[in-house]
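Below: one structure, written as structure tokens.
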Amino acid sequence: EGSLQSVAVRSTVDLISSLASELPVDVFTGSGDARRQIATPGYLEDPAGDGHGLADWLYQGLESWLLRGNLFGDVLDKGPGGFPRQVEMLHPDHVQGRMEEGVVRWTIDGKSIPAERLWHRRVNPVPGVVLGLSPVQAHAADLGLNITLTRFGLQYFRDGAHPGAVLSNVEKEIGDEHVARKVKDRFLAAVRGSREPAVLGKGWKYEPITISPEESQFLETRGFSAAECCRIYGPGFAEILGYQQAGTSLTYANVVDRDLHILKYALGKWLRRTDRLLTEMLPRPQFARLNRDALLETSTLQRYQAHQLALKNRWKTVNEVRRDEDMPPVQWGNEPNTDSESADGAAESPQEPGVNGENQ
């Protein structure tokens with residue numbers, strides 16, 4: 001967890017883990033036209049059985065993946081088909097594995113555990129290696145640079161080996177150490193704890209030491225290093241977290257498309273892995289899906305426009321729309337819209353008959 005000293009890494013890991021763990025989970029059964037949504041099993045509401053719930057459990061698993069590349073769990077209960085129903089997440093540091101005669105033997109804090117009880121799911125797999133590759137380990141140099149720069153800045157401003165100012169005499173040399181100490185003590189006594197201006201005698205000059213622009217350029221290096229740490233986990237996270245780089249611009253269109261960009265290229269893979277993790281805890285042919293629509297929040301106008309299109313094209317009913325808006329159903333709202341409308345939304349007007357009684 002030393003990498004969490006980097007604000008960029010901690011923020012990115014928390015962003016991914018929070019977004020994925022807080023999304024609603026939908027459970028389905030069947031496929032194709034026979035697919036239907038069913039109630040979420042009670043045990044899936046608290047997979048660890050510790051009372052902290054599904055969101056807490058998923059956050060632990062995602063954090064293990066993001067920092068260590070491996071998720072470990074102790075299977076405490078299984079369903080009739082052998083699928084896990086209760087799994088306690090384990091800290092990766094407590095789990096060790098070794099290969100014996102082609103079989104992996106697992107231990108937890110030095111104690112052997114049966115293979116069927118240990119739930120191991122990895123990311124970033126490497127051929128010929130049982131454990132997944134840790135993103136932190138793979139990018140240790142970049143993370144080390146970011147943490148080192150942070151410590152350098154803290155030490156420079158807090159207790160760096162440099163004075164805060166210089167009090168000098170431009171007319172004569174103060175070679176006697178006792179005289180220099182006496183002058184310094186008198187000056188500090190005059191200014192410390194007081195906002196009164198200091199009055200110096202002839203030849204004395206006071207110069208505060210400040211950081212020049214050239215000396216403070218390490219801040220730009222820190223910004224670049226932090227952005228690189230965010231990109232360990234995918235494109236777009238650096239910009240979301242405010243690590244805007246020179247030469248890039250932020251417009252309204254960028255903001256509108258950013259959620260889709262993150263979901264498609266960076267966050268999507270973690271959501272799909274979470275889907276597979278939850279599906280393993282369900283009997284076949286049931287499967288779980290995180291509801292991505294909850295992530296793509298829109299304005300009220302955009303949401304109502306989407307409802308209008310759904311009703312007009314008759315692939316949603318009024319009560320389905322009302323349910324999405326947390327409104328009670330209406331008696332007449334279960335049938336699709338039957339109004340005949342033209343493509344531009346205007347009602348078709350009947351043609352007037354001609355003088356001979358026929359339609360023109």
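Data overview
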{"quantity": "LEU67 being within 20 Å of the chain's Cα centre (by Cα) and in a helix (DSSP H, G or I)", "calculated": "yes"}
{"quantity": "Residue among ASP26, ASP46 that is in contact with a Gly (Cβ under 6 Å, 6 or more places away or on another chain) and open to solvent by 20 Å² or more (accessible area, probe 1.4 Å)", "calculated": "ASP46"}
{"quantity": "LEU277 vs. criteria under 30 Å from ALA48 (Cα atoms), touching a helix residue (DSSP H, G or I) at 6+ places or on another chain (Cβ under 8 Å) and at pLDDT 85 or above", "calculated": "yes"}
{"quantity": "Pairs where the first residue, in segment 33-60, is free of Cβ contacts under 8 Å to residues at least 24 places away in the same chain and the second is aromatic (Phe, Trp, Tyr) and outside any helix (DSSP H, G or I), C-beta under 8 Å, 6+ apart", "calculated": "ARG35/PHE28; ARG36/PHE28; GLN37/PHE28"}
{"quantity": "Pairs where the first residue, in segment 120-134, is of a type in the set (S, T, N, Q) and the second is surrounded by 16 or more Cβ atoms within 10 Å (Cβ to Cβ), C-beta under 6 Å, 6+ apart", "calculated": "ASN124/GLY69; ASN124/GLY132; ASN124/LEU133; SER134/ARG68; SER134/GLY69"}
{"quantity": "Helices (runs of 4 or more DSSP H) completely within segment 261-342 that count 3 or more residues being over 30 Å from GLY69 (Cα atoms) and of a type in the set (Asp, Glu)", "calculated": "none"}
{"quantity": "Scope segment 1-23; condition among the hydrophobic types (A, V, I, L, M, F, W, C) and either out of contact with any Leu (no Cβ under 9 Å at 6 or more places or on another chain) or open to solvent by 50 Å² or more (accessible area, probe 1.4 Å) (or both); matching residues", "calculated": "VAL7, LEU19"}
{"quantity": "Where ASP275 falls short, out of the listed (1) open to solvent by 50 Å² or more (accessible area, probe 1.4 Å); (2) touching a strand residue (DSSP E or B) at 6+ places or on another chain (Cβ under 7 Å); (3) without any contact (Cβ under 8 Å) to a residue 24 or more places away in the chain", "calculated": "(1)"}
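The values are calculated or read from the model by the stated rules, or taken from the named source; none is laboratory data. Just so it is clear, the structure is predicted and the values come from calculations on it, not from any experiment. Cβ: placed from backbone, ideal geometry, glycine included. Neighbour counts: every protein chain shown. For the accessible areas, the whole protein counts, side chains as well, though only heavy atoms, and no ligand, DNA or RNA atoms are used. Shrake-Rupley method; radii C 1.70, N 1.55, O 1.52, S 1.80 Å.
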